[in-house]
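Enquirer: My questions will all concern the structure given below.
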Amino acid sequence: MTISANDLSKLTDWQHGQISPKIFVDEEIYRLEMERLFGRTWQFICPDSQIPRPGDFFNTYMGEDPVIAVRQRDGGIKVLLNACRHRGMKVCRADMGNIKAFTCTYHGWTYDTAGNLVNVPNLEDAYYNDLPTERLGLIEVAQVDDYKGLVFANFDPTAPSLREYLGDMTWYLDTFLDRREGGIEARGVHKITFKGNWKLAAEQFASDNYHASMTHISASRVWSPDGQFADVHYRTTGYDGRQVTFPHGHGMAGFRIDTREDMAQFYRARGQGEIGDYIDRNQAEIDERLGPDRPMYPVATVFPNLSIRASGSLGCWHPKGPHAFEAVRFGFVDAAATPEEKEVLLRLDQESTLALIEADDGENWSEMSRNMARSPQVQRMPLNYQMGLGHPGRHDDTYPGIVIDRSISEFAGRNFFRRWLEFMVTTEAWPEPDTEGLYSMAYPSSTYSERQDVREVARANPR
Amino acid sequence: MAAVSKSIALEPAGTPVQSFADVPQVPPLVDVEIQQELEQFLYLEAELLDGRKYREWYALLADDLSYFMPTRANRTSRELGRENSARGYLANFDDDKRTMDWRIKQIETGMHWAEDPPSRTRHLVSNVRVDKTDVTDEFQVKSNFICYRNRLEREVDLWAGERDDVVRAVGPRRWQLVSRYILLDENVLLAKNLSVFF
């Protein structure tokens, strides 16, 4: 018996900031998630520059669905389900490369790089020449699109366009996608397994600036043993920054209102003077393209599972069952940087970010997961997402999205689960974001008509 | 070489002599003492790491250290030359002495939660192959490893791979690691972190 919408709503009480551990561990909820969420959202595939030439392919997943992104002869990209139409065998088991055709190792069915079935052994004799090969091409993912070098795909043909889905989140994504001429260049792939539910990571990057000063205290002490780095850059008082979230579920965990000089200083304080110098050298260009207000170090999630740590890597959390996920991340550098700059920037960022910072996240996630998966008492204990509850968000002339006047908040996390629930309970059509629900959370003291006004203002002032 | 000559001499007259020129050859042996000392160097290193003596291990690293572990992709045999990531691309480790110092400082804070409580590790080193380099006092040392890690209550990780090192003599029985290229035999990292040294 399928869990009811009512039961799902009770488990996901985002309005009161109480989320049941069950949504992180239940097998049935997981299965429904694969269909209702991963089958209908825009899923990040890879950087455009990962597959530059016709025949280049990249093998990845959308949820648990195996897909291959292939560069076409006309320069476009197709995303194909990696399952032979005969018996479901993977037609491509290499991670990446360049290929002329995909041949299934089971019976030899062969598909061209557009997914057309072009060869079936024994078609004439065994099949009596009677197989509708033109209808047996690899299943094509319904929608594929590209935003400034990031390729996304969506199984649902009725889903809105990528641009509409991303909305004004693009203003923040441009911080690294479009800060210099030529945008970004992909620089390698890194894959690692984590224990725990994928939502632990996705929600953290959407909403959790709070954890940095404790989880990553060891990293911040490396860079300033007296604790100064953490005090200056991690534990803001909370007053001097913003958190942002969007109706489609995206979240910017929390950023300080920094000028570009401070970002150079930020890197110097981490012993990464080379990155600080690079920012200084290119500040004029960056300012001209982006203006002076963009947060330069966004930590964010594009709903549901693409997270940005925009200093040099971004990555997807691929669910592998309710208790495990795989982080597939891409390194990137400004295409306009020199070869030497690219190497140094990537290496230093990787060493500081992926190396020093991420291991401690993994420790939290695996031990939380163990508790939630095994302990009936923990499963009865609602997880607390009440930070900032009842305090309104607002529209801001500078920062798009619903803006919270704190750099440390859980508002975006509540919104993440609000949007998750919308996908889980809305089955008859693609779930348009319930802005009334979000706005009533954002502006709790306002009336319905006041919220309508706010919405009108937002629509009248697109960025 | 003498043994091979003897077997050729024993061939009956008139029989075509087989060429063994394409049989893979054991590299020229270094002095047995060098072989032993460098094996012991690797065992010393393993003992320091398993004993969590990171600062002493750090002293084994040369100032011009390059410590690199590429990521590894599943490639068709046609494209196997691109199996291991190149420099300038995301890697599992891409350290110099400065970043290695960061890693050890992180452990020394006592608040590196991924290693607090600390893991129990056991490094097993074998297949040690030593070769001279063009630089006096520097040797190439290749070795295979298994690193077993047990963590908290039931977390077990097992890594295997090969290291290709250049080591430099810096004093009597004192050596430093100049460069290490680690081939870990994994594609997707199966552990939740690599907070150990290989």
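Enquirer: How many partner chain Cβ atoms sit within 10 Å of a residue's Cβ in peptide A:192-199, on average, as a whole number?
Expert: If you average over the peptide's residues, the count of other-chain Cβ atoms is 3.
Enquirer: Could you give the dipole magnitude of chain A about its Cα centre, charging the beta-carbon of Lys and Arg +1 and that of Asp and Glu -1, in debye to the nearest 20?
Expert: I would put it at about 860 debye.
Enquirer: Moving on to the next point. Name the residues of the range B:163-194 whose accessible area falls by at least 30 Å² when all protein chains are present instead of the chain alone, probe 1.4 Å?
Expert: B:V188, B:L189, B:K192
Enquirer: Which net charge results for the neighbourhood of A:H16, defined as the other residues with beta-carbon distances under 15 angstrom from its beta-carbon, given Lys and Arg at +1 and Asp and Glu at -1?
Expert: My count for the surroundings of A:H16 gives +1.
Enquirer: With a sphere of radius 9 Å drawn around the Cβ of A:D174, what net charge do the other residues whose Cβ falls strictly inside it have (Lys, Arg +1; Asp, Glu -1)?
Expert: Within the 9 Å Cβ shell, the charges total +3.
Enquirer: Hey, can you rank A:66-72, A:167-173, A:396-402 by average C-beta count inside 10 Å, highest first?
Expert: Peptide ranking by packing, descending: A:66-72, A:167-173, A:396-402.
Enquirer: Could the peptides A:44-54, A:348-358, A:197-207 be put in order, highest first, of the mean number of other beta-carbon atoms found within 10 Å of their residues? Intermediate values should be presented prior to the final figure.
Expert: Values: A:44-54: 19.9, A:348-358: 22.5, A:197-207: 26.4.
So the order, starting with the most tightly packed, is A:197-207, A:348-358, A:44-54.
Enquirer: Non-local amide H neighbours of B:G161 (under 5 Å, H modeled in plane, Pro and chain starts lacking H): which ones?
Expert: Long-range HN contacts for B:G161: B:F145, B:D185.
Enquirer: Compute, for A:K195, the solvent-accessible surface of its heavy atoms (probe 1.4 Å) with the complete set of protein chains present, and express it in square angstrom to the nearest 10.
Expert: Result for A:K195: roughly 100 Å² accessible.
Enquirer: List the trypsin sites (Lys or Arg not before Pro) within the range B:112-198 that DSSP assigns to loop and that have no more than 16 neighbouring Cβ atoms inside 10 Å.
Expert: Filter output for the range B:112-198: B:R154, B:R173.
Enquirer: In terms of modelled amide H atoms, which long-range or inter-chain residues lie less than 5 Å from the amide H of A:V67?
Expert: Those lying under 5 Å, H to H, from A:V67 are A:T60, A:Y61, A:M62, A:N82.
Enquirer: Let me ask you something else. Just to be sure I understand: if you take the accessible area of chain A alone plus chain B alone and subtract the pair, with a 1.4 Å probe, what total do you get in Å², rounded to 100?
Expert: Values: alone 19900 and 12860 Å², together 29090 Å².
So the buried area, both faces added, is about 3700 Å².
Enquirer: Now for a separate question. Based on the alpha carbons, how large is the Rg to Rh ratio for the range B:58-107 when Rh follows Kirkwood?
Expert: Rounded to two decimals, Rg over Rh is 1.13.
Enquirer: I would also like to ask the following. I'd like the accessible area for A:L11: 1.4 Å probe, protein heavy atoms, all chains in place, Å² to the nearest 10.
Expert: 30 Å²
Enquirer: Next question. As an exercise, identify the chymotrypsin sites (Phe, Trp or Tyr not before Pro) in the range A:123-153 lying in DSSP coil whose Cβ has no more than 14 other Cβ atoms within 10 Å.
Expert: Working: sites: A:Y127, A:Y128, A:Y147, A:F152; in loops: A:Y127, A:Y128.
Of the chymotrypsin sites (Phe, Trp or Tyr not before Pro), the ones in loops of the range A:123-153 whose Cβ has at most 14 other Cβ atoms within 10 Å are A:Y127, A:Y128.
Enquirer: What figure in square angstrom, to the nearest 10, would you give for the accessible area of B:I107 with a 1.4 Å probe?
Expert: Probe radius 1.4 Å; accessible area of B:I107 about 40 Å².
Enquirer: Which value in nm describes the separation of the simple spin-label points at A:D293 and B:V170, placed 7 Å from the Cα toward the beta carbon?
Expert: Here the answer is 5.3 nm between the modelled labels.
Enquirer: Of all accessible surface on chain B at a 1.4 Å probe, what whole percent is carbon and sulfur?
Expert: Roughly 54 percent, rounded to a whole number.
Enquirer: Can you give the net charge of the other residues whose Cβ lies under 10 Å from the Cβ of A:M96, counting K and R as +1 and D and E as -1?
Expert: -1
Enquirer: Next question. Ignoring ligands, DNA and RNA, what percent of the 1.4 Å accessible area of chain A is carbon and sulfur? Walk me through the numbers before you get to the answer.
Expert: Details: 8790 of 18080 Å².
Using a 1.4 Å probe with all protein chains present, chain A comes out at 49 percent carbon and sulfur.
Enquirer: In whole angstrom, note down how far apart the Cα centers of the range B:102-159 and the range A:91-142 are.
Expert: Between the Cα centres of the range B:102-159 and the range A:91-142 lies a distance of 45 Å.
The values are calculated or read from the model by the stated rules, or taken from the named source; none is laboratory data. Computed from a prediction, not measured in an experiment: that's the story for all the values here. Please note: Cβ atoms are built from the backbone with ideal geometry, for glycine as well, and neighbour counts cover all protein chains shown. Surface areas here come from the heavy atoms of the whole protein model, side chains and all, with no ligands, DNA or RNA. Shrake-Rupley method; radii C 1.70, N 1.55, O 1.52, S 1.80 Å.
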